[in-house]
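Here's the structure we're looking at; comments come further down.
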There are 2 protein chains.
Amino acid sequence: MTKFPSHLSSLIAFLRKWPGVGSKTAERYAFHLLAWEQDELLQLADLLVQMKKKIFPCHECYALMEEGDCRYCNLSMRDPRVLCIIASSKDLFALEETHAFKGLYHVLGALLSPLQSRNPHALKIDQLKSRIERLGVQEVIIALDSTLEGDATALYLKKELETLPLLKVSRIAFGLPLNSTLDFIDGGTLIKALIGRQSL
Amino acid sequence: MTKFPSHLSSLIAFLRKWPGVGSKTAERYAFHLLAWEQDELLQLADLLVQMKKKIFPCHECYALMEEGDCRYCNLSMRDPRVLCIIASSKDLFALEETHAFKGLYHVLGALLSPLQSRNPHALKIDQLKSRIERLGVQEVIIALDSTLEGDATALYLKKELETLPLLKVSRIAFGLPLNSTLDFIDGGTLIKALIGRQSL
């Protein structure tokens, strides 16, 4: 005997596939949805069904885009001399929020991860290289997570991109996040912050 | 300018209405859904649209039910002498999981809450009373949360149900949850546990 009505159980099973959602949270969401108006449920369902049709990766930079031209590949608005390599489209939106970067982006879509059997092939490095040459990029900024996977991928990218002539390769800085205190930061970050110190 | 593609923003806005979901979590869910197969999205959308048609409250006990007869109102399976009053259908499933209660249920659907302007009218007390008389219930067990709203509602129910002849009204016990230690329990619970002590 299932605990909940079977339709509710199916919905809960779907919600449990979401990141960080366990049984209790999925049940909470499902019961919450039961109290929604049918009209709202229809709208949400429609958004889900239309999603893949409305949002898709740009063929050039692989960032998510809607109909029309990719706004991040528009050379009249963006500086093609600097290319920022990021892991996912979500990172792009985080960077755009800062209004501090006006160059082009390249979304890798994945990080190297032997445990999840994602090898260099997944990064489509040849497409990246040919894009860099075609655009005449002068500097590549690697903006990947400061995780094992991010570090491994950054190292791999550096080695691969070194073979291209006259290209500067950098990685975003590690150090103290703003408004944090020394006594709460981990040792690894502190070492990185010391090594990366900047003259005042 | 919106941060995300507009379709994604709409989806995030919908997900933010869920309990305990803020912007960051809604964004995480939305990006996760982007990676789903269209087929899965269709199934999830269908579950949402069909939900209200497939699951609805029983006209007798107000518990959620599917097509057919309400399994909690089946007098050949349940004991009509005991009626358990609960706030929501979710509580019913928690109680059923224990296999410790074989009586009937009555789902209030709401608790008294002056702050959310839910007054006694919301509890439909007349329907509850007539149901108790019709079924010949001998004991009512109030199984409401141990919160301010739960306490207020329990008190109100007790006063109302006292007017019915020969009816025993009880409330589930307060005390230490199993596997907890005295030094971690709050004072209020400890007082309740002392008062409700049982002879060994």
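The values are calculated or read from the model by the stated rules, or taken from the named source; none is laboratory data. Bear in mind the structure is a predicted one, so any value in this text is a computation, not a measurement. All Cβ positions, even for glycine, are placed from backbone atoms using ideal geometry, and neighbour counts span all protein chains on display.
Some observations on this one:
- Residues that are β-branched (Val, Ile, Thr) and closer than 30 Å to A:Arg134 by Cβ within region A:36-66 comprise just one, A:Ile55.
- Enumeration of residues in region A:71-130 that are touching an Asp or Glu at 6+ places or on another chain (Cβ under 6 Å) and not aliphatic (A, V, I, L, M): A:Cys73, A:Lys102, A:Gly103, A:Ser113
- Counted residues, region A:30-50 - those being closer than 23 Å to B:Gly20 by Cβ and under 23 Å from the mean Cα position of the chain (by Cα): 2
- From the list A:Thr153, A:Thr147, the one residue that fits, being within 18 Å of the chain's Cα centre (by Cα), surrounded by 13 or more Cβ atoms within 10 Å (Cβ to Cβ), hydroxyl-bearing (Ser, Thr, Tyr) and closer than 21 Å to A:Lys124 by Cβ, is A:Thr153.
- Hits in region A:129-169 (condition: of a type in the set (S, T, N, Q), closer than 19 Å to A:Lys90 by Cα and assigned to a loop (DSSP other than H, G, I, E, B)): A:Ser146, A:Thr147
- With respect to the conditions (1) modelled with pLDDT of 90 or more; (2) surrounded by 15 or more Cβ atoms within 10 Å (Cβ to Cβ), A:Arg118 lacks only one, and its number is (1).
- Scanning region A:56-101 for residues that are surrounded by fewer than 15 Cβ atoms within 10 Å (Cβ to Cβ), within 14 Å of another protein chain (Cβ to nearest Cβ) and within 27 Å of A:Asp151 (Cβ to Cβ) yields a count of 3.
- So B:Ile125, is it over 18 Å from B:Leu95 (Cα atoms) and out of contact with any strand residue (DSSP E or B) (no Cβ under 9 Å at 6 or more places or on another chain): yes
- Flag for A:Ala110 being within 23 Å of A:Met65 (Cα to Cα), surrounded by fewer than 15 Cβ atoms within 10 Å (Cβ to Cβ) and under 19 Å from the mean Cα position of the chain (by Cα): no
- Selection within region A:121-144: residues that are surrounded by fewer than 14 Cβ atoms within 10 Å (Cβ to Cβ) and more than 14 Å from A:Leu83 (Cβ to Cβ). The member of this set that is modelled with the lowest pLDDT is A:His121.
- Residue check: B:Asp126 meets all listed conditions (1) in contact with a Lys or Arg (Cβ under 7 Å, 6 or more places away or on another chain); (2) outside any loop (DSSP other than H, G, I, E, B) but one, namely (1).
- Considering A:Gln127, A:Gln138, the condition of being in contact with a Leu (Cβ under 9 Å, 6 or more places away or on another chain), more than 17 Å from B:Phe4 (Cβ to Cβ), more than 14 Å from chain B (Cβ to nearest Cβ) and not small (Gly, Ala, Ser) is satisfied by A:Gln138 alone.
Residues checked against (1) over 30 Å from A:Phe4 (Cβ atoms); (2) at pLDDT 90 or above; (3) touching a strand residue (DSSP E or B) at 6+ places or on another chain (Cβ under 8 Å):
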site	(1), (2), (3)
A:Trp36	no, yes, no
A:Leu42	no, yes, no
A:Lys54	yes, yes, no
A:His59	yes, yes, no
A:Ser76	yes, yes, no
A:Phe101	yes, yes, yes
A:Tyr105	yes, yes, yes
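- Test: A:Leu164 is of a type in the set (A, V, I, L, M, F, W, C), at pLDDT 90 or above and over 23 Å from A:Ala100 (Cα atoms): yes
- Pick from region A:1-42, criterion basic (Lys, Arg) and more than 7 Å from chain B (Cβ to nearest Cβ), ranking: nearest to B:Phe31 (Cα to Cα): A:Lys17
- Pair list, Cβ under 8 Å, 6 or more apart: region B:143-156 residue on the phi < 0 side of the Ramachandran plot, other residue surrounded by 15 or more Cβ atoms within 10 Å (Cβ to Cβ) and of a type in the set (Lys, Arg): B:Ala143/B:Arg171; B:Leu144/B:Arg171; B:Ala154/B:Arg171
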